[in-house]
Amino acid sequence: MTADTTAATPGRSADAFVGRLFEAGLGMFEVMSVYLGDRLGLYRALHTGGPATAADLAARAGIDERYAREWLEQQAVADIVDVDDVRLAPEARSYRLPEAYVEPLLNPDSPYSIAPLGRSIVACAKVLPQLLEAYRTGGGVAWSAFGPDMIEAQGDFNRPWLTGSFGTDLLPAIPDIHRRLTTEPPARVADVGCGVGWAAISMALAYPDIRIDGFDLDPSSIELAREHAARAGVADRVSFDTRDVAEADAGAYDVVVVIEAIHDMTQPVGVLASIRRLLRPDGLALIADERTEDTFTAPGSASERFYYAFSVFTCLPAAMTERPTAALGTVLRADAMHRLASEAGFARIDRLDEPALDMLRFYRLTA
Ligand SMILES: C[S@@+](CC[C@H](N)C(=O)[O-])C[C@H]1O[C@@H](n2cnc3c(N)ncnc32)[C@H](O)[C@@H]1O
């Protein structure tokens with residue numbers, strides 16, 4: 001007889017499980033309804049124009065009135081918007097966006113910003129047929145296949161802390177990097193896997209003398225990064241290129257940052273070795289990647305569930321598009337990061353538990 005090693009979770013029942021999945025499914029639908037409001041500009045129209053009937057909203061946002069009515073009723077039933085009087089005829093009811101939900105739905109720089117969640121879930125749903133095929137064949141789904149919804153969502157997930165505190169609080173809390181960014185001659189910085197550019201832009205705004213080069217393999221991310229830099233007024237000191245980091249100038253950089261991208265790389269050791277080559281002899285690399293538990297734990301925390309959700313739908317499939325691939329997946333634990341950086345030749349790897357973010361951890365690598 002073999003020992004039963006299944007850890008019984010107290011209170012497990014089919015009833016509770018079905019209830020949990022039903023709530024989750026309802027949540028998915030409601031998050032997708034937020035996607036409609038986000039992408040069609042319905043929340044913005046409700047907020048800027050004030051309380052609206054279905055006809056008002058349809059006219060303001062340029063959508064069909066019947067759809068506007070159904071969406072407004074659904075939003076009110078889901079307690080996302082307020083309705084003035086449920087007893088009125090459907091066409092006469094007026095709806096408003098509660099003040100408390102303006103920041104989460106309409107301010108992409110707010111720490112409460114939640115609209116990117118809808119875009120990322122919808123982007124995953126769009127590639128499901130390719131994903132099924134990839135799971136069967138061992139193939140991949142390219143990052144670019146997830147489209148603008150995912151690329152913008154990824155940028156907007158990190159945007160609040162990058163534009164809010166990266167340059168002004170987090171970097172100053174890492175003394176040797178801050179020192180290099182504030183001393184003469186002005187530092188040259190590379191942002192590898194820069195995505196839509198918020199880290200580079202935030203650094204350029206916080207450190208007015210430095211120059212930054214952002215590299216990413218995805219052309220549509222680079223296009224958006226250039227637009228964002230121009231709008232932030234830093235395009236004269238920040239350049240963005242669709243370029244492999246291996247082609248960048250060796251020994252030219254004082255600081256290299258890589259924000260939430262190492263786990264996506266098919267050749268992380270090769271990229272880290274290239275980063276080491278880019279650095280001057282006294283240069284430093286700052287890596288941010290998921291703030292995982294130290295070991296696999298199941299059931300896991302909400303953060304680990306979120307990382308794994310991204311991994312099964314996005315990060316692993318994107319990394320499976322090439323061969324050979326490290327196929328790391330989203331859950332890159334600290335010991336694995338240490339191993340990759342040592343294989344790339346870094347002399348010292350420090351896991352920084354301070355400064356800390358809710359979902360990301362910093363590592364400082366010394367060439
Ligand atoms: C999860 S996104 C992070 C983007 C950005 N740093 C941010 O925080 O929003 C990962 C990025 O890494 C890029 N990437 C993957 N492999 C790369 C490589 N070998 N060189 C440069 N960029 C790469 C992808 O194109 C993608 O834009």
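Values quoted throughout were computed directly from the atomic coordinates according to the rules given, and no laboratory measurement underlies them. Bear in mind the structure is a predicted one, so any value in this text is a computation, not a measurement. Here the Cβ is made from the backbone with ideal geometry for all residues, glycine too, and neighbour counts use every protein chain on show.
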> Tell me, 359, 203 in order of fewest to most beta-carbon neighbours within 10 Å?
Replying inline: 359, 203
> In the Gaussian network model of the chain, springs joining C-alpha atoms below 10 Å, which of 340, 224, 132 carries the largest mean-square fluctuation?
Replying inline: 132
>> Is there a quick way to get the dipole size of the chain? I mean about its Cα centre, with the Cβ of Lys and Arg at +1 and of Asp and Glu at -1; what is the value in debye to the nearest 20?
In response: 500
> For residue 12 and residue 236 in one chain, what is 0.36 nm times their gap in residues minus the Cα-Cα distance, to one decimal in nm?
Replying inline: 74.7 nm
> How large, in Å, is the stretch 311-367 by the Kirkwood hydrodynamic radius built from its alpha-carbon pairs?
Replying inline: 12.8
>> How large is the Kirkwood hydrodynamic radius of the stretch 15-106, counting all unique pairs of alpha carbons, in Å?
In response: 13.6
>> What does the net charge come to around residue 145 if you take all other residues with beta carbon closer than 13 Å to its beta carbon, with K and R at +1 and D and E at -1?
In response: -2
> Using a basic spin-label model with each label point 7 Å from the Cα along Cα→Cβ, how many nm lie between residue 29 and residue 91?
Replying inline: 2.7
> What is the pair-distance distribution P(r) of the chain, computed from all Cα-Cα distances in 20 Å bins starting at 0, with each bin given as a whole percent?
Replying inline: 26, 51, 21, 1
> Applying the Karplus parametrisation 6.51 cos²θ - 1.76 cosθ + 1.60 with θ = phi - 60° to the phi angles of the stretch 222-235, what ³J(HN,Hα) value in whole Hz is obtained for each residue in order, glycine and proline being reported as x?
Replying inline: 5, 4, 5, 4, 4, 4, 5, 5, 5, 5, 7, x, 10, 5
> Per the helix-only calculation at 222 nm, which mean residue ellipticity applies to the chain, given -39500 (n - 2.57) for every DSSP H run of n ≥ 4 and division by its residues, nearest 500 deg cm²/dmol?
Replying inline: -13500 deg cm²/dmol
> Can you pull the percent of Cα pairs in the stretch 93-250 with separation above 24 Å?
Replying inline: 45
> Exposure proxy check: 321, 297, 53, 314 ranked by fewest other beta carbons within 10 Å?
Replying inline: 297, 321, 53, 314
>> Counting only other residues whose beta carbon sits under 10 Å from that of residue 367, what net charge do I get with K and R as +1, D and E as -1?
In response: +3
> So what's the stretch 53-131 giving for Cα Rg divided by 2.2 N^0.38 Å, two decimals?
Replying inline: 1.31
> Can you list the HN-Hα couplings for the stretch 255-265, worked out from phi with the Karplus curve (6.51, -1.76, 1.60; θ = phi - 60°), rounded to whole Hz and with x for Gly and Pro?
Replying inline: 9, 10, 10, 9, 9, 6, 10, 4, 5, 8, 7
> What is the mean projected area of the alpha carbon convex hull for the stretch 209-367, to one decimal in square nanometres?
Replying inline: 10.1
> Three principal axis extents, largest first, for the C-alpha atoms of the stretch 102-189, in Å?
Replying inline: 53, 37, 17
> Based on Cβ point charges of +1 for Lys and Arg and -1 for Asp and Glu, what charge dipole magnitude is obtained for the stretch 61-173 about its Cα centre, in debye rounded to the nearest 20?
Replying inline: 440
> In the chain, what % of DSSP beta bridges are antiparallel (nearest 5)?
Replying inline: 45
> At what distance in angstrom do the alpha carbon centres of the stretch 149-216 and the stretch 13-79 lie from each other?
Replying inline: 35
>> If I model the stretch 1-157 as equal point scatterers sitting on the Cα atoms and use the Debye formula, what is log10 I(q)/I(0) at q = 0.16 Å⁻¹?
In response: -0.98
> Quick one: if the Förster radius is 30 Å, what FRET efficiency do residue 173 and residue 306 give, using the C-beta to C-beta distance and rounding to 0.05?
Replying inline: 0.75
> Want the number for residue 145 to residue 79: 0.36 nm per residue separation, take away the alpha-carbon distance, what's left?
Replying inline: 20.4 nm
>> So if each residue of separation counts as 0.36 nm, and I subtract the Cα-Cα distance between residue 267 and residue 137, what length gain in nm does that give?
In response: 44.7 nm
> How do 351, 12, 276 line up, fewest other C-beta atoms within 10 Å first?
Replying inline: 12, 351, 276
